[in-house]
1. State all residues of the range 15-26 that are under 18 Å from Leu164 (Cα atoms) and either among the aliphatic types (A, V, I, L, M) or at pLDDT below 95 (or both); if no residue qualifies, say none.
2. Determine the pairs where a residue that is buried (at least 19 other Cβ atoms within 10 Å of the Cβ) and modelled with pLDDT under 80, located within the range 178-194, has a partner that is among the aromatic types (Phe, Trp, Tyr) and assigned to a loop (DSSP other than H, G, I, E, B) with Cβ atoms under 9 Å apart, the partner being 6 or more residues away or on another chain.
3. Might you let me know whether the range 100-111 holds any residue that is in contact (Cβ under 8 Å) with a residue 12 or more places away in the chain, farther than 25 Å from Met309 by Cα, part of a helix (DSSP H, G or I) and among the basic types (Lys, Arg)?
4. So which residues in the range 73-102 are buried (at least 21 other Cβ atoms within 10 Å of the Cβ) and more than 16 Å from the chain's Cα centre (by Cα)?
5. I'd like the full set of residues that are charged (D, E, K, R) and part of a helix (DSSP H, G or I), limited to the range 27-78.
6. Can you work out which of the residues in the range 3-30 that are of a type in the set (A, V, I, L, M) and touching a residue at least 24 places away in the same chain (Cβ under 8 Å) is surrounded by the fewest Cβ atoms within 10 Å (Cβ to Cβ)?
7. Identify the single condition in (1) in contact with a helix residue (DSSP H, G or I) (Cβ under 8 Å, 6 or more places away or on another chain); (2) closer than 30 Å to Gly27 by Cβ; (3) modelled with pLDDT of 90 or more that Asp121 does not satisfy, given that it satisfies every other one.
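The values are calculated or read from the model by the stated rules, or taken from the named source; none is laboratory data. What you are looking at is a predicted structure, and each value in this text was computed from that prediction instead of being measured. Neighbour counts run over all protein chains shown; Cβ positions are idealised from the backbone, glycine included.
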Amino acid sequence: MALEPTPFLSVTIPIYNEQDNIPALWGRLSAALAPFDARGWEVIFTDDGSKDASLKLLLDLAKAEPRIRVVEFNRNYGQHAAVFGALAEAKGEIIVTLDADLQNPPEEIPKLVAKIEEGFDVVGGWRQGREENDSLFRRLPSKLVNAITRRTTGVKLHDYGCMLRAYRREVVDAMLLCKERSSFIPALANSFAKRIAEVPVAHAERAAGDSKYGLWKLINLQFDLVTSFSLLPLQMLSVFGVVISGISLAFSLGLLIYRFVHPEGTVNGVFTLFAILFFFVGCMFLALGLLGEYIGRIYTEVRDRPRYMIKKVHGGE
């Protein structure tokens, strides 16, 4: 039996309750991939436990187009797990990740591929026009993620939150060797890439449906980023402890001197002492919470449970 040729391009798309977007997504995506027909392409959708008709629509697409495969999860595991599930099935020399909400147009894919063919290992999208299409609630956490990621990875890109990104095969293979459950894919990819670039891409309003990232998921993403790629918070706690110890010592000496100079005024400082004590107690609980976050994630990792469970891979026959 002859081996099937390796496709030049793989496009991976996580899907969770996107039935209203799938028809338009495929129509625009198939047109964007037409220039790569001669070199070969494939599309891998991951159905991340959708509760609507998304899976049925994807299976219909896979029946009509042999270059489509559908990775069906047994339940919902989250966007990054769904991306990993698709990456594990991708066979292309260049792999592009794309969201299904059409905020990042599929028409921008050739631009990323052209850039990566210049010799880059990773090419990220830099979303333009977010002020017109995203709320302040969405933009502020994104700016925080970008700032923290630049700090922890040392790679100064403008937009780490854009999922429209292109990777070389070697980078994807390296990422798949990493088994940690909590990970931020753009930052993880950069740790294995030598040459990294960023290109401006269009950004639009969500075509249909609701965003899957609420406040709590954004907070979890921050913790994933900080605890997975940096020990800086723990190091900051150590520095903070030294500073607080120095301040406490100086304050104690000041109170001792004040007591000898003004013995009648010592009672008046009781409420000040209580206020300072409560501040220190709050700092201690904050430190314990941060330490607990690290310990909890260590506990999650040592259990070594799978990142996701695949029910079935459809299509590609």
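1. Residues satisfying the conditions are Ile15, Tyr16, Glu18, Asn21, Ile22, Ala24, Leu25.
2. Close Cβ pairs (under 9 Å, with a partner that is among the aromatic types (Phe, Trp, Tyr) and assigned to a loop (DSSP other than H, G, I, E, B)) amount to Phe184/Tyr160.
3. Within the range 100-111, one or more residues are in contact (Cβ under 8 Å) with a residue 12 or more places away in the chain, farther than 25 Å from Met309 by Cα, part of a helix (DSSP H, G or I) and among the basic types (Lys, Arg).
4. Residues satisfying the conditions are Phe73, Ala90, Gly92, Ile94, Ile95.
5. Those that are charged (D, E, K, R) and part of a helix (DSSP H, G or I): Arg28, Lys56, Asp60, Lys63.
6. The residue in question is Ala24.
7. For Asp121, the failing item is (2).
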